[in-house]
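K.L.:
I'd like to ask some things about the structure below.
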Amino acid sequence: MDRTAENHPGNVRWHLPAAAAGVAAIYYAGAKLGLALTSAPLPISVLWPPNALLLAALLLSPRRWWWGLIAAVFPAHLLAQAQGDVPMVMALCWYVSNVCEALIGAGLMAWLGGPGPVLRSARSVLIFLCVAVAAPFLSSFLDAAFVVAVGWGDVPYATLWEVRFFSNMLSVLIFVPALVTCVQAPAGEFPRLSRSRAPEAALLAAGLLTACTIAFNFGSIQPAALSLLCLLVPFLLWAAFRFGPSFISTAYAGVAVLVIVSTSQGHGPFVQDASMDAVLPIQLFLIAMALPLLLLAGLNQDLRAAQGRLREARGLVEAVFRHSPDALAVTRQSDGHVLQANAGWWNLPPGQSGRMPDESELTFGDADGQERVVLVCTTGVDVDGEACDIRMARDVTAQRRAEADAREQDRQLKHLARVASLTDFSGTLAHELNQPLAAILSNAQAALRMLDHTTPNVTEIRAILRDIAEADKRAGVLIHHLRLLMKNSDEAFAPLDTNHMVEEVLALVHGEFISRKVELKTSFCGDLPQVRGDRVQLQQLVLNLVLNACEAMEQGGRPERVLSVGTHHGADGTVQILVTDTGPGIQPDLMPGIFKPFYTTKTNGLGLGLSICRKIAANHGGSLSVRSSPGEGANFRVVLPSAHAAR
Ligand code: ADP
């Protein structure tokens with residue numbers, strides 16, 4: 001019987017005949033033993049092993065083998081019965097009832113127990129015990145009926161049923177567990193014991209043999225025999241606790257075999273001429289012993305499996321605990337005492353471990369004076385009934401440093417892009433500055449000339465000086481804005497008037513519109529809420545969109561160069577800035593690319609403007625999007641949350 005045959009259908013044809021021959025031989029031997037134990041007035045044996053052996057064979061075989069095995073035992077059955085001078089009809093009837101018993105048992109076991117090893121858990125043992133009762137119980141009705149119908153002997157039906165039931169149940173309890181658990185025994189378990197366990201097993205076997213010899217040689221059909229049988233109990237318990245189901249089942253079967261041997265030699269409880277009344281107590285004793293022993297073995301297996309699972313789980317938790325890159329510790333809530341901690345925990349600066357809040361980020365100096373940032377988190381747990389905390393601390397120094405570096409680089413990049421865009425129209429700026437300076441110069445010269453007059457016209461000179469002051473202011477504002485944009489300042493978020501911020505940008509690039517012959521149209525929304533933002537960054541955003549639009553309109557598009565800049569109060573409460581031009585627009589397939597860094601279609605372009613604009617918008621909790629019909633121009637939309645919503 002190859003346990004792996006089920007998984008290898010190709011092997012089945014090769015293994016089935018061998019298995020069938022083996023089962024037939026065992027069945028024959030079992031039948032001979034059963035017939036040898038049949039008492040004179042009873043046509044039914046006191047211990048009938050063949051059915052149990054067939055049941056064990058079915059339990060260990062794939063279901064498609066069952067009919068092959070059942071057919072194989074037929075000649076073995078007939079041969080054994082013929083040698084026992086059993087009439088042919090009776091032999092055939094018993095074949096049917098024997099097969100019925102094995103099929104009921106195997107069917108029930110498969111139905112209730114499902115796949116998986118048999119008798120290796122308390123549940124499986126309980127199911128087996130039900131099967132060990134049900135199969136002989138049901139088939140014995142048929143068996144006894146056959147005997148009465150054939151007229152084999154003159155024992156009443158009820159007695160026939162009773163004898164067969166007990167003898168077959170005992171046989172099932174003796175033979176099936178031993179065979180099944182030994183064949184299905186995992187490596188290291190009986191009969192494949194390791195060297196270290198073999199001496200203990202040998203000692204146990206010797207002890208059990210001695211106890212059996214005493215019990216079965218001195219035992220007779222008297223109550224004293226029962227007390228002598230108790231000598232076996234400690235050894236069977238030893239087997240159940242230390243060696244698992246295969247050893248205990250085999251030990252139990254061994255005891256039963258010794259009973260049979262001593263019986264055949266005229267000793268002990270199973271003497272040939274024993275009457276039914278004398279046999280029953282021994283049968284009941286063996287049955288009663290089998291039930292707790294098998295259950296004990298099953299429970300022990302469950303316990304071992306649970307211990308194994310627990311060990312595995314503990315090992316897993318310990319491995320995670322030990323090898324975690326985070327610092328971990330279990331601390332007592334009452335006094336903060338560390339019950340268990342990994343190496344990472346002990347590496348934390350001394351004194352910090354005890355004072356960590358539940359969830360926060362802590363910054364402290366380590367032994368080398370370096371600043372370290374640690375993210376801590378605490379979860380309450382119960383350890384042996386004591387309130388404890390699992391504390392986790394993750395060193396995020398490198399992460400925070402990298403974030404700060406990235407922020408700094410981002411700032412530098414924005415600044416660079418800003419300076420680059422200013423240099424783009426530096427010519428226009430110089431021209432813009434030149435105008436007030438020229439006005440100041442000519443006005444100052446005029447004033448000087450007037451002062452040369454004998455009676456200088458004070459009113460005129462005052463007007464000239466006022467003009468000088470105005471021109472100076474204009475130049476001052478321009479320079480102020482330029483300085484702001486050129487400065488590499490830190491982010492400074494504050495409430496802003498968007499309209500004013502956009503107007504300032506438009507004033508700055510005013511000269512650009514003139515030199516590029518761009519007509520500017522503005523439409524500012526009157527009741528626009530304030531936004532919260534960094535003025536320099538937002539102006540950089542608008543400046544970039546406006547300059548891009550002016551440049552695009554030089555490249556083509558509609559003949560009239562109109563730049564529309566406006567603000568809008570979105571229905572969702574957002575503040576929107578719209579920059580629309582009449583340039584060539586953007587081809588749909590290029591749309592996704594224009595916001596990517598270093599995408600440019602300009603010979604001197606950096607391709608960073610729009611990607612930085614999008615970052616600025618996102619940084620303010622908003623967005624930047626574009627719509628365009630090629631040939632018709634482009635429409636950029638900046639959406640910003642109002643200061644109220646951004647708070
Ligand atoms: P750069 O101006 O250095 O090229 P940007 O990121 O500001 O970098 O722009 C990327 C590209 O997007 C531009 O080269 C241009 O092809 C396209 N683009 C930007 N604005 C417009 C616009 N208003 N109309 C058409 N194309 C535009």
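K.L.:
Does region 523-544 hold any residues that are of a type outside the set (D, E, K, R) and out of contact with any helix residue (DSSP H, G or I) (no Cβ under 7 Å at 6 or more places or on another chain), and which are they?
P.N.:
Just the residues of region 523-544 that are of a type outside the set (D, E, K, R), to begin with: 523-526, 528-531, 533, 536-544.
SER523, CYS525, GLY526, GLY533 - these are the residues of region 523-544 that are of a type outside the set (D, E, K, R) and out of contact with any helix residue (DSSP H, G or I) (no Cβ under 7 Å at 6 or more places or on another chain).
K.L.:
I'm trying to understand the selection: among the residues of region 571-597, which are more than 21 Å from LEU538 (Cα to Cα) and not acidic (Asp, Glu)?
P.N.:
The first filter runs over region 571-597 and keeps only residues more than 21 Å from LEU538 (Cα to Cα), leaving 571, 582-593.
Listed by number, the residues that qualify are ALA571, THR582, GLY583, PRO584, GLY585, ILE586, GLN587, PRO588, LEU590, MET591, PRO592, GLY593.
K.L.:
State whether the residues of region 175-186 include one that is loosely packed, with under 15 Cβ neighbours inside 10 Å and not small (Gly, Ala, Ser). Break it down stepwise before answering.
P.N.:
Narrowing region 175-186 to residues loosely packed, with under 15 Cβ neighbours inside 10 Å: 186.
Filter again for not small (Gly, Ala, Ser), leaving 186.
Within region 175-186 (the criterion being loosely packed, with under 15 Cβ neighbours inside 10 Å and not small (Gly, Ala, Ser)), the answer is yes, since at least one residue qualifies.
K.L.:
Which condition does VAL46 not pass, out of (1) at pLDDT 65 or above; (2) within 17 Å of GLU101 (Cβ to Cβ); (3) touching a Phe, Trp or Tyr at 6+ places or on another chain (Cβ under 8 Å), if it passes all the others?
P.N.:
Only one criterion in (1) at pLDDT 65 or above; (2) within 17 Å of GLU101 (Cβ to Cβ); (3) touching a Phe, Trp or Tyr at 6+ places or on another chain (Cβ under 8 Å) is unmet by VAL46, namely (1).
K.L.:
Restricting to region 629-640, what's the tally of residues that are assigned to a strand (DSSP E or B), more than 9 Å from the ligand (Cβ to nearest atom) and small (Gly, Ala, Ser)?
P.N.:
First pass over region 629-640, keeping only residues assigned to a strand (DSSP E or B): 629, 633-640.
Those left that are additionally more than 9 Å from the ligand (Cβ to nearest atom): 629, 637-640.
Okay, now just the ones that are also small (Gly, Ala, Ser), so 629.
The qualifying residues number 1.
K.L.:
On the basis of being at pLDDT 90 or above and either surrounded by 19 or more Cβ atoms within 10 Å (Cβ to Cβ) or outside any strand (DSSP E or B) (or both), does ASN488 make the cut? I'd like the intermediate steps shown before the answer.
P.N.:
Working: at pLDDT 90 or above: no; either surrounded by 19 or more Cβ atoms within 10 Å (Cβ to Cβ) or outside any strand (DSSP E or B) (or both): yes.
Criteria not met by ASN488.
K.L.:
Would you point out which residue out of SER421, SER426 is hydroxyl-bearing (Ser, Thr, Tyr) and within 56 Å of the chain's Cα centre (by Cα)?
P.N.:
Details: SER426 fails: within 56 Å of the chain's Cα centre (by Cα).
Result of the check over SER421, SER426: SER421.
K.L.:
Ok, one more. At pLDDT below 80 and either assigned to a strand (DSSP E or B) or surrounded by 14 or more Cβ atoms within 10 Å (Cβ to Cβ) (or both): does that describe GLN435?
P.N.:
Working: at pLDDT below 80: yes; either assigned to a strand (DSSP E or B) or surrounded by 14 or more Cβ atoms within 10 Å (Cβ to Cβ) (or both): yes.
So GLN435 fits the description; yes.
K.L.:
How many residues are near the ligand (Cβ under 8 Å from one of its atoms), on the phi < 0 side of the Ramachandran plot and out of contact with any strand residue (DSSP E or B) (no Cβ under 6 Å at 6 or more places or on another chain) when one looks only at region 605-628?
P.N.:
Selection size over region 605-628: 7.
K.L.:
Which condition from (1) more than 30 Å from GLY511 (Cα to Cα); (2) surrounded by 11 or more Cβ atoms within 10 Å (Cβ to Cβ) is the one that ALA398 breaks?
P.N.:
(2)
The values are calculated or read from the model by the stated rules, or taken from the named source; none is laboratory data. Here the structure is a predicted model, which is why all the values come from computation and not from measurement. Ideal geometry is used to build each Cβ from the backbone, glycine not excepted, and the neighbour counts take in all protein chains shown.
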